[in-house]
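J.: Provided herewith is a single structure, encoded as structure tokens, for subsequent inquiry.
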Amino acid sequence: MRKDQFDRINDLSESIGEVFIEEADPGNWSGAGIPLKKLDEQERGNRYWDKKNAIQTGTLLARVLDLRDRGLLPNGGPPMPDVDAEKEIKRYEKQARELIDAIQSGSTGKR
């Protein structure tokens, strides 16, 4: 990866990271502070969408970070394993859920 591409991907990861932090914060979800049993159907649907959107942003962030990190290695790093796109998406969604769980629990340490 060229230096200018690496720099752009790094800047992109920082921008997406800021969006992810905002979207993953439960205080920013629809119905924040309202007990779940008091939310109406639309509020629950909006809250669900907020969480799903945060997971998708986290998935995108994980993918961009993966590309950035592979760009640091000689020759662009090892090739991606031969997996279908759905498996790859599920893997990144899992990582995004783990990031959300860590943010919610206040755990910010690296694994």
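J.: Please list, or write none, the aspartates and glutamates whose alpha carbon is within less than 20 Å of the alpha carbon of residue 94, excluding same-chain residues fewer than 8 places away.
T.: 18, 22, 23, 25, 50, 66, 69, 82, 84, 86
J.: Rounded to two decimals, what is Rg over Rh for the stretch 3-105 when you use alpha-carbon atoms and the Kirkwood radius?
T.: Checking Rg against Rh, the ratio lands at 1.08.
Read the figures in this text as sums done on the coordinates, not as results from a lab. Not measured: the values here are computed from a predicted model.
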